[in-house]
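Right, one structure below, let's go through it.
The values are calculated or read from the model by the stated rules, or taken from the named source; none is laboratory data. No experiment lies behind these values; they were computed from the predicted model shown. Glycine gets a Cβ as well: all are built from the backbone with ideal geometry, and neighbour counts include every protein chain shown.
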Amino acid sequence: MRRIPLFERELERTCVQELSDSYGPNRLFMKRDDMIPFSFGGNKARKAAEFYREIMKTDTDIVMTYGSNSSNHCRIIANMAASMGLGCHIISPQENGMVHNNTRLVQKSGAVIETCPVSAVAGTIENRKQAYREQGKRPYFIEGGGHGNPGVEAYVKGYREIEAYEREHSVHFDYIFHASGTGATQAGLVCGQLLSGEQERKIVGISIAREAQRGRSVVEDSIRTYLGERFAQLYQEEQLVFTDAYRSGGYGSYTEEIAETIDFVMQREGIPMDTTYVGKAFHGMLAYLQENKISGRNILFIHTGGCPIFFDRLEESRLDG
Ligand SMILES: *Cc1c(COP(=O)(O)O)cnc(C)c1O
């Protein structure tokens, strides 16, 4: 296995920047996890750094994962496997529609993409693992979205970075907002908060797809698994806020208002946001702040990446004329 020096040590802390005063009566800051310097960055790059360390402890020769081949997760895992000199096998649900930039990047990494109907995913994963083992290969399977303890660990560290920033800059964030999908990012942030004993702020996960009950219970399960025995003592229900009020039609779909917010932030701050995750969550955050009449607070938004999806939308609008 080839080493990836960037992932051998702890990642450098990503920058936090204050945004302009264009967003109402709060101070808004953004933590730029999209700037993590691997494969266009994002929260999947932060998680990949943890999976990398796990894989290096094994004698893996092929990395397997599940997810849409147009996802940020699959792009980063395919890129990481290629960088390590390992094979990569991605199992994707059948989709139709345009070819996305992430899919192109997955293909350029040389990953095998196998598609199957959603209902056949679990069986396909098991069969494929088995088939590799029978060939004498040693597959390492990463759950969709980088779910699992290493993914949670990545954002426990992200939370510690936020605390370090606060100490150095004498600021306290009353709210942390971010796009919540498979839930590992939120589980990590909440675990970070529970472990540090901080109780004065709210971490708000803006669901980009799941409805509240399921989304919340998945995050809670991840927290329970990560904390283990400490769960009963540390966990407090109120510290998990997961809202599905801003899903706008579910995974991948977005409204004209979301597109307008994205264009505004690009013009005003020079920061790109995608329609599936970050733009949708940022727009949702602004609505949440307004609806809850929150003012005079310090708000941190975590930019979780998705840069290639930003360009998907530009291409779509080019095709529209
Ligand atoms: C995957 C992803 C998320 C959601 O992260 P989870 O840990 O799955 O909740 C948010 N933003 C971007 C850009 C992503 O790729």
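Specify the residue that is farthest from the ligand (Cβ to nearest atom); the eligible residues are those in region 64-83 that are touching a residue at least 60 places away in the same chain (Cβ under 8 Å) and farther than 16 Å from Lys108 by Cβ. Per the stated criteria, the residue is Met64. Among the residues making up region 145-164, those that are at negative phi, of a type outside the set (A, V, I, L, M, F, W, C) and more than 11 Å from the chain's Cα centre (by Cα) are Asn149, Pro150, Glu153, Lys157, Gly158, Tyr159, Arg160, Glu161, Glu163.
Number of residues in region 266-281 that are free of Cβ contacts under 8 Å to residues at least 60 places away in the same chain, outside any loop (DSSP other than H, G, I, E, B) and buried (at least 20 other Cβ atoms within 10 Å of the Cβ): the value is 1.
Results for (1) more than 16 Å from Asn72 (Cα to Cα); (2) in contact with a Phe, Trp or Tyr (Cβ under 7 Å, 6 or more places away or on another chain), shown as yes or no for each residue.
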position: Ala259; (1), (2): yes, no
position: Ile262; (1), (2): yes, no
position: Pro272; (1), (2): no, yes
position: Val278; (1), (2): no, no
position: Phe282; (1), (2): yes, yes
position: Leu289; (1), (2): yes, no
position: Ile294; (1), (2): yes, no
position: Leu300; (1), (2): yes, yes
position: Gly306; (1), (2): no, yes
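Within region 82-127, the only residue that satisfies the criterion of being buried (at least 17 other Cβ atoms within 10 Å of the Cβ), at pLDDT 95 or above and farther than 19 Å from Gly146 by Cα is Asn101. Taking the listed residues Arg104, Arg27, the one that is under 24 Å from His178 (Cα atoms) and more than 16 Å from the ligand (Cβ to nearest atom) is Arg27, with no other qualifying. Looking across Tyr66, Tyr52, one residue alone is aromatic (Phe, Trp, Tyr) and over 19 Å from Pro5 (Cα atoms). It is Tyr66. For Gly110, the criteria (1) on the phi > 0 side of the Ramachandran plot; (2) in contact with a Gly (Cβ under 6 Å, 6 or more places away or on another chain) hold in every case but one, which is (2). Considering region 18-63, and only residues there that are in contact (Cβ under 8 Å) with a residue 24 or more places away in the chain and in a strand (DSSP E or B), the residue that is nearest to Thr103 (Cα to Cα) turns out to be Val63. Looking at Thr276, Thr255, just one residue is in contact with a Gly (Cβ under 8 Å, 6 or more places away or on another chain), away from the ligand (no atom under 13 Å from the Cβ) and of a type in the set (Val, Ile, Thr), and that residue is Thr255.
Within the set Phe51, Phe38, Phe29, the sole residue that is aromatic (Phe, Trp, Tyr), within 17 Å of Gly151 (Cβ to Cβ), in contact with a Phe, Trp or Tyr (Cβ under 9 Å, 6 or more places away or on another chain) and surrounded by fewer than 22 Cβ atoms within 10 Å (Cβ to Cβ) turns out to be Phe38. Scanning region 131-161 for residues that are surrounded by fewer than 24 Cβ atoms within 10 Å (Cβ to Cβ), of a type in the set (A, V, I, L, M, F, W, C) and touching a residue at least 60 places away in the same chain (Cβ under 8 Å) turns up Phe141, Val156. Residues that are within 22 Å of Tyr175 (Cα to Cα) and within 16 Å of the ligand (Cβ to nearest atom): does region 287-297 have at least one? Checked against the condition, which is being within 22 Å of Tyr175 (Cα to Cα) and within 16 Å of the ligand (Cβ to nearest atom), region 287-297 yields no hits at all.
If you go through region 165-217 and keep only what is of a type in the set (Lys, Arg) and in contact (Cβ under 8 Å) with a residue 24 or more places away in the chain, you end up with Arg201, Lys202, Arg210, Arg216.
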